[in-house]
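These notes are about the structure you will find just below.
The values are calculated or read from the model by the stated rules, or taken from the named source; none is laboratory data. What you see is a predicted model; the values in this text were computed from it and never measured. Here the Cβ positions follow ideal geometry from the backbone for every residue, glycine too, while neighbour counts run over all protein chains shown.
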Amino acid sequence: MSLNLEEKKAVVTEVSAQVAKAQAIIVAEYRGLKVGHMTQLRAKARQSGIYFRVLKNSLARRAIADTPFAGLSGHMVGPLVYGIGSDPVAAAKVLHEFARSNDKFVIKAGAMANFVMSDKDIANLATMPSREELLSQLLGTMQAPIANFVRTLNEVPTKFVRGLAAVRDQKQAA
């Protein structure tokens, strides 16, 4: 069913709002994919905070015009689904994992601000640790020197107590 002009404007406005918050947009072809599989993908995308939608390419082009993602418009051909996310790694992971398990779901291209990515670039992005994993690694690295310093300080009284216990045991044995 075709959309009237007001509905098209509403869709473009909605997608433009998502693009304004986005750090990555991934475009994939879903030709031949069953509805059940698409529903599973939508659920995974929703859990990861990804805006996932099937759009007419002309409306998507209007939404990304005059944005850092405008270079992606050349790849908008055929029946496409759009994954728009504020975390580029999460968006790439969800769509890449789904594409690996479903051969009819083919990632065509993606974009980050002023950079158009191929499907191989998206696969590389999907193998990177997520933002939360990187933050936890950074926190662990920052905590390591402090934790080692505290352990070193704790060894002094521990050795003293062990020495006193050894003297006490020696006197009790004598």
(message) Can you pull out every residue in segment 113-122 that is touching a helix residue (DSSP H, G or I) at 6+ places or on another chain (Cβ under 6 Å) and either assigned to a strand (DSSP E or B) or outside the structural domain of F52 (by TED's automatic domain parsing) (or both)?
(response) V116
(request) Being in a helix (DSSP H, G or I), under 10 Å from the mean Cα position of the chain (by Cα) and touching a residue at least 24 places away in the same chain (Cβ under 8 Å) is the filter here, so list the residues in segment 123-151 that pass it. (result) L125, A126, R131
(message) Among the listed residues A109, A63, A45, identify the single one that is touching a Gly at 6+ places or on another chain (Cβ under 9 Å), among the small types (G, A, S) and in a helix (DSSP H, G or I).
(response) A45
(request) State whether one or more residues within segment 13-21 are crowded, with 16+ Cβ neighbours inside 10 Å and not in a helix (DSSP H, G or I). (result) no
(request) Determine which single condition S136 fails, assuming it passes every other condition in (1) touching a helix residue (DSSP H, G or I) at 6+ places or on another chain (Cβ under 7 Å); (2) not assigned by TED's automatic domain parsing to the domain that holds A24. (result) (1)
(message) Looking at A70 and the list (1) within 25 Å of K9 (Cα to Cα); (2) within 20 Å of the chain's Cα centre (by Cα), which single condition is not satisfied?
(response) (2)
(message) If I ask for residues that are closer than 20 Å to S130 by Cα and basic (K, R), which ones from segment 25-77 would you list?
(response) R42, K44, R46
(message) Regarding segment 80-92, can at least one residue be identified that is out of contact with any Leu (no Cβ under 9 Å at 6 or more places or on another chain) and more than 18 Å from I122 (Cβ to Cβ)?
(response) no
(message) Here is a check on your reading of the model: is S101 free of Cβ contacts under 8 Å to residues at least 12 places away in the same chain and closer than 30 Å to G32 by Cα?
(response) yes
(message) For segment 74-97: of the residues being in contact (Cβ under 8 Å) with a residue 60 or more places away in the chain and not small (G, A, S), which is surrounded by the most Cβ atoms within 10 Å (Cβ to Cβ)?
(response) L95
